[in-house]
Each structure stands twice: as C-alpha cells, then as structure tokens.
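What follows is a set of notes on a single structure, which appears directly below.
The values are calculated or read from the model by the stated rules, or taken from the named source; none is laboratory data. Keep in mind that what you see is a predicted model, and the values were worked out from it rather than measured. Cβ placement follows ideal geometry from the backbone for every residue including glycine, while neighbour counts extend to all protein chains displayed.
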Amino acid sequence: MKTILNHSSVPWKDKLSVLVADSLYSQRSFLGEQVKHNNLVTITRVKSNRVFYRQFVPEDSLLNPPGHPRWYGDKFDLKDETTWHEPDQVTQSTFTTKRGRELNLKISGWKQMLMRGTSDYPMHDYPFTLLQIVVSDETGQVVWKPMWLLVIGHRCDELSLVECYEAYRQRYDLEHLFRFAKQKLLMNSYSTPSLHHEENWFQLTLLAYVNLWKARKLATILPRPWETYLKTTESVKTTPSLVQRDFYRIISSLGTPAQSPKRRGYSPGRFKGEKKVHRARHQVIKKQSKHQKQKIKVPYFLLCNSLR
C-alpha cells in the first residue's frame, strides 16, 4: 500500500483514497499500519462479537487526575445493545434490487470510537467511525443480519455514511472475480516457492480475465442440455463462464502470428563443475488446535525444591 500510494505515476497520489477490506483486516496489526497514510481511509467489515470503547471525557473536577491518564471510556459491545449509546448520525434511504424488490436502508454512525491497542500500535490515538447497516422490507422486518463497518483514517470525516456504505459494496465485485479466477482460471493452482513467479502467474490469470471481457460481444451462448433457462437471445446476460465456453472458437478464428514449434535437439544440460544451489529450508508453521490443552509451565525454583 505504501508503494502504491506514493508512486509518482498513479493519478491518486496526494488525493483521498479509500481501501475496503473484509473483517479479517479489522485488526490493529493491519489498521495500525494504514493510519500512517494521511490520505488513506480504510473501511473494513467488523464481526458482530467485537468490543470497542468510547473516548474518555474527564469531568470538570478531574481535569488533571493523578496517575496515568485514562484513554478508554465506556464499553461498546456489539452483541449487547444495553452498552450502546445514541448514534451521532442516522441516515435512511431506499433502494431497489435487480428483481424489483424495494428495501429500506438505515445507517447509524458512532464517531470517536476506540479499540484496544498495544505498545507497537497505540490505537487510542486513532479514533474511528463505527457504522451499523440495517436492511428491512416494507413491513419493517429485517431482511439480513445487521452489518458493522469500521471507517478509520485522518480524512474519514470527509465521507458521508452513504458514501462509506457504497464504497464497501464495491468489494463484492472483487469477490466474484476471485471466485471465478480460482475456479475457472486456476489462479491458486500454481505452486512455487518464488514470489516473482507467483506474481507473474497472478497477472496471467488477470490478463485471461480481460480477454474474456473483451470477447463478450463475440461469444455465442452454448447452453448445456440441462440449462433450459439459457437461450440464445439478447436477454441472456453474457457471463465470463459463458464466454469461456465459446472462447476456443473465438481464439481459433483470430489465428496467431507465431510459427510452429521446431525441434532444436537435446539440451546440453549442466556444464562440468557447475553446482546446483539447494533450496533454502524454512521452518513449517503449524496452527495450534483450539482444543489442544496448554502445557502447564512449572517455575524453575519449584522444580528444584521438588527434586530435593
């Protein structure tokens, strides 16, 4: 992210940029690095069992209390509504789904929220805005489970609640790309210890996806015998999977400027005296099972007394 944001050729340098991520990236080890960029606002999803805190506001009689200053105020437990206070801002709107269903959208925002930090990541210095998105139907019944979003960054106040929600919704398009690339374009099927080779393979899969997108108007719908809902009409949406079925015909009609391969003899192999460098060995990292019992560590002085 540091390289992408500070590169001289990118058009968004020194401009407000938004990074959206899943709930796995809502930890302080990730957010603590992203808040160092002044022009970056990070929006991540938050699990519904997280606990945050309000900023502590001292009373007038305790402006300079003795001891260490208090950083965190009252607890804000996402699964306990009794710990919630009134939101600072509430926005309501409606939207229509692709199937014509009209739903109500309610976004509640709590500003100046904090999460627990460490000595490496002092998160008490970086307040954020917490959003709750609730979607309901015309009868007021909640359609989906309420979604929680975390908006953090020096310029997070420049985005409205609706803009934060719409920015996070764009992540769903990326998820469909990753799913299709892993299942149909073998994105995660190439195993190599070299990071350079892995990045090249990742770029090849993206180029293959771009070719499918460019050939979408040349493709013919080829339904399977059991896919009766697919018809060769303009009403059928041309998906990447349907383009991939007919891509062999498309690429065959274009031809290729490359010449046919010719036999070049046998490889000479390694030269005399050349030594092959062995691959570096790394320690295998294994995730500890949650059900595995932790070993009790006995202090050294107790062990010595027992031996006596």
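Residues that are of a type in the set (S, T, N, Q) and either over 23 Å from the mean Cα position of the chain (by Cα) or modelled with pLDDT under 90 (or both) were ranked within segment 119-147; the one that is nearest to PHE56 (Cα to Cα) is SER119.
What number of residues within segment 1-37 satisfy the criterion of being at pLDDT 90 or above and not small (Gly, Ala, Ser)? Full working, then the answer.
First, the residues of segment 1-37 that are at pLDDT 90 or above: 16-37.
Restricting the remaining residues to those that are not small (Gly, Ala, Ser) gives 16, 18-20, 22, 24-25, 27-28, 30-31, 33-37.
So the count comes out to 16.
Mind listing just one residue for me: the one in segment 156-171 that is surrounded by fewer than 14 Cβ atoms within 10 Å (Cβ to Cβ) and not in a helix (DSSP H, G or I) and, of those, modelled with the lowest pLDDT? Residue satisfying both the conditions and the ranking: GLN170.
A quick yes/no check of all residues on (1) within 32 Å of the chain's Cα centre (by Cα); (2) farther than 19 Å from HIS176 by Cβ:
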site	(1), (2)
HIS196	yes, yes
ASN200	yes, yes
LEU204	yes, yes
ASN211	yes, no
ILE221	no, yes
TYR229	no, yes
GLN244	yes, no
SER253	no, yes
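Taken as a whole, the structure places LEU242 among residues that are modelled with pLDDT of 85 or more, of a type outside the set (Ser, Thr, Tyr) and in a helix (DSSP H, G or I).
Give segment 32-48 a look and list any residue that's more than 12 Å from the chain's Cα centre (by Cα) and hydrophobic (A, V, I, L, M, F, W, C), or say none. Write out each step before concluding.
Of segment 32-48, the ones more than 12 Å from the chain's Cα centre (by Cα) are 32-41, 47-48.
Within segment 32-48, VAL35, LEU40, VAL41 qualify.
Tell me whether segment 24-36 contains one or more residues that are farther than 27 Å from LEU161 by Cβ and without any contact (Cβ under 8 Å) to a residue 40 or more places away in the chain. No, segment 24-36 has no match at all. Which residues, counting only those in segment 74-83, are surrounded by 10 or more Cβ atoms within 10 Å (Cβ to Cβ) and free of Cβ contacts under 8 Å to residues at least 24 places away in the same chain? Answer for segment 74-83, where residues must be surrounded by 10 or more Cβ atoms within 10 Å (Cβ to Cβ) and free of Cβ contacts under 8 Å to residues at least 24 places away in the same chain: ASP74, ASP80, THR83. Among the criteria (1) under 29 Å from HIS154 (Cα atoms); (2) surrounded by fewer than 15 Cβ atoms within 10 Å (Cβ to Cβ), the one GLU102 does not fulfil is (1).
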